[in-house]
Amino acid sequence: MTRLLPFPIISFCLLALWLLLNQAITFGHILLGCVIALLGGRILTILEMPPMRVRRPRVILRLLRLVAIDIVRSNLAVGRIVLGLRRRERRSGFVEIPLDLRDPYGLASLACIITSTPGTLWVNFDAQRGVLTIHVLDLVDDAEWIRTIKDRYERHLLEIFE
């Protein structure tokens, strides 16, 4: 059974997503969704992802709270910029942040956090140097961004994944 469905939860989610996107539960959609779900699960076996180990589930809740607050704050700040409510000159730019985080799941989580926060974008991660490059829409202080990423996000992700 594990050869046919190596990741049954992901395969089921792919099938459900296919049916939701098509907004129809017909024989054809179910059949095509099953094929996509089976192929999606098989493709994941090719990727050979390392096993995931989550250590502190309570820290996840704390991190989710911080991320939600930051997303709301960033939405308001970007809204002010777009509507022209900020009078000062806006300067965007790139910030290089040295990271201690090396876990692929932790880095993927950090990428999702940074990219889903309006006004910031994950640009590159140099695995050799351990340096993350982000783009910031309203860059005031590089050191403040480095401190924010390291203290608010990386510290929690290190507790969760490493």
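Computed from the coordinates by the stated procedures, all read-outs in this text should not be read as laboratory data. Every value quoted in this text rests on a predicted model; they were computed, and no experiment measured them. Cβ coordinates were reconstructed from backbone atoms using ideal geometry, including for glycine residues, and neighbour counts include every protein chain displayed.
Gaussian network model of the chain, Cα springs within a sub-10 Å range: biggest mean-square fluctuation belongs to which of 85, 20, 61?
Its mean-square fluctuation being the largest, the pick is 20.
Taking volume of the Cα convex hull per residue in Å³ as the quantity of interest, determine which of [x] 153; [y] 128; [z] 120 was computed from the displayed structure.
Computing volume of the Cα convex hull per residue in Å³ and matching it to [x] 153; [y] 128; [z] 120 gives [x].
Using DSSP to define loop residues, name the chymotrypsin sites (Phe, Trp or Tyr not before Pro) in the stretch 42-143 whose beta-carbon has at most 10 other beta-carbon atoms within 10 Å.
Here no chymotrypsin sites (Phe, Trp or Tyr not before Pro) fit, given the DSSP loop and packing criteria.
Once you put a point 7 Å from the Cα of residue 73 and another 7 Å from the Cα of residue 44, both along the Cβ direction, what distance in nm separates them?
About 3.4 nm separates the two model spin labels.
If I stretch the segment between residue 116 and residue 81 completely, what's the gain in nm (0.36 nm per residue apart, minus their alpha carbon distance), one decimal?
10.8 nm is the gain from fully extending residue 116 to residue 81.
Putting +1 on Lys and Arg Cβ atoms and -1 on Asp and Glu Cβ atoms, find which of 127, 82, 157 reaches farthest to the positive end of the dipole of the stretch 57-161.
82
Towards the positive end of the charge dipole of the stretch 2-117, with charges on Cβ (+1 Lys, Arg; -1 Asp, Glu), say which of 72, 107, 25 has the farthest Cα.
72
Would you mind telling me which residue in 117, 45, 133 has the biggest mean-square fluctuation in a Gaussian network model of the chain, where springs connect alpha carbons within a distance under 10 angstrom?
Highest fluctuation among the options: 45.
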